[in-house]
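Novice: Attaching a single structure in structure tokens format; questions to follow.
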Amino acid sequence: MDNLLEVITTRDCSRTLYSGQYQRSFHSVHGALTEARHVFLEGSGTEELLKSQQEVRVLEIGFGAGLNWLITASAAHRHGTRLSYTALDKQIPSAELLSQLGYGELIGAPALANTIEEWRKSFRSDVPYGTYNLPHEHDGTLQLCIGEATEASFPDQSYDSIYFDAFDPGANPELWVPEIFSQLHRALRDGGCLATYSVAGHVRRALTSSGFSVVRRPGPPGKRHVLAAWKH
């Protein structure tokens, strides 16, 4: 996997990975950290929930290098809120690449970033498919599910928000379909939000047909709009 990934620096000076396999970067080249905060932490309403609830449950489709989890866990610690975070991906970059991204220092949470890096070091090559519970010093849980998202199942009414951060519809179209979104709609609690960066027409239609109320929001630098899909 790693020979197809390259560390690049984005315009807000944060780094991300570029996938030679998909010919796309993990986050926006206009600003990886800026995008993660705007689209997911803020766009899903999770930041506000962390200020007002005793516990927040987040599901992420597309863990990547863990930036969305890091900023969310850091915010939960800042607000004194317990975070239960479940994330899915087919594979996790090597500990060496994760270290090169420097996310821990970037957001002021080196211990959190070290959680992922140390866990990843325990595997010499690709992480075998399965579910992994990663302990860390902050009050919360991180459950990593490695495998095919199309084969995953989620308990109903279990998550306050969902970060849908899969590679774009052109790279893995099997994830951007009504069948997947319907399952995620059931997994969300009433009033919860699914946030994603894609505003493609067929994505909006798939979300709407799955029961979501879809709203186009102003995007981060380099992107005109993003989506927030609410369950009412």
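The values are calculated or read from the model by the stated rules, or taken from the named source; none is laboratory data. What you are looking at is a predicted structure, and each value in this text was computed from that prediction instead of being measured. Neighbour counts run over all protein chains shown; Cβ positions are idealised from the backbone, glycine included. These accessible areas exclude ligands, DNA and RNA; they are computed on the full protein's heavy atoms, side chains included. Shrake-Rupley method; radii C 1.70, N 1.55, O 1.52, S 1.80 Å.
Novice: Please say if segment 1-42 is rounded, prolate or oblate, where rounded means a/c under 1.5 for a ≥ b ≥ c the square roots of the C-alpha gyration tensor eigenvalues, and otherwise the choice is prolate for a/b larger than b/c and oblate otherwise?
Specialist: Prolate shape, in that a/c is at least 1.5 and a/b is the bigger ratio.
Novice: While we're on this one: Seen from all sides and averaged, what is the projected area of the convex hull of the Cα atoms in segment 1-104, in nm²?
Specialist: The Cα convex hull of segment 1-104, projected and averaged over all directions, gives 6.3 nm².
Novice: Heavy atoms of the protein only, probe of 1.4 Å, neighbouring chains included. What is the accessible area of ASP168 in Å², nearest 10?
Specialist: The value for ASP168 is about 40 Å².
Novice: Return the sequence-ordered ³J(HN,Hα) values of segment 211-221 in whole Hz as given by the Karplus equation 6.51 cos²θ - 1.76 cosθ + 1.60 applied to θ = phi - 60°, using x for Gly and Pro.
Specialist: x, 7, 9, 9, 10, 8, 10, x, x, x, x
Novice: Turning to a different aspect of this structure: In what sequence, highest mean first, do 53-59, 148-154, 70-76 appear when ranked by Cβ atoms within 10 angstrom?
Specialist: Packing proxy ranking, top to bottom: 70-76, 53-59, 148-154.
Novice: Treating cross-link reach as a plain straight distance, find the aspartates and glutamates whose alpha-carbon is under 20 Å from the alpha-carbon of LYS90, omitting any fewer than eight places away in the same chain.
Specialist: ASP2, GLU6, GLU60, GLU117, GLU118, ASP126, GLU148, GLU151, ASP165, ASP168, GLU174, GLU179
Novice: In whole angstrom, note down how far apart the Cα centers of segment 46-94 and segment 124-171 are.
Specialist: Taking the Cα centre of segment 124-171 as reference, the centre of segment 46-94 is 11 Å away.
Novice: Which far-off residues, 5 or more places away or on another chain, put their amide H under 5 Å from the one on SER14, with H placed in the peptide plane?
Specialist: Amide H neighbours of SER14: ALA32, LEU33.
Novice: Using the charge dipole of the chain (Lys, Arg: +1 at Cβ; Asp, Glu: -1 at Cβ; taken about the Cα centre), state which of PRO155, LEU134, ALA228 has its Cα farthest towards the positive end.
Specialist: Among PRO155, LEU134, ALA228, the one farthest towards the positive end of the dipole of the chain is ALA228.
Novice: Take the Cα pairs of segment 66-158, get the Kirkwood Rh, then feed it into Stokes-Einstein at 10 °C and 1.306 mPa s and tell me D in µm²/s.
Specialist: 114 µm²/s
Novice: Report Rg (one decimal) and Dmax (nearest whole number) for the chain, counting Cα atoms only, units Å.
Specialist: Gyration radius and largest Cα-Cα distance of the chain: 16.3, 45 Å.
Novice: If you put +1 on each Lys and Arg Cβ and -1 on each Asp and Glu Cβ, how big is the dipole of segment 66-161 around its Cα centre, in Debye rounded to 20?
Specialist: Its charge dipole is roughly 160 debye.
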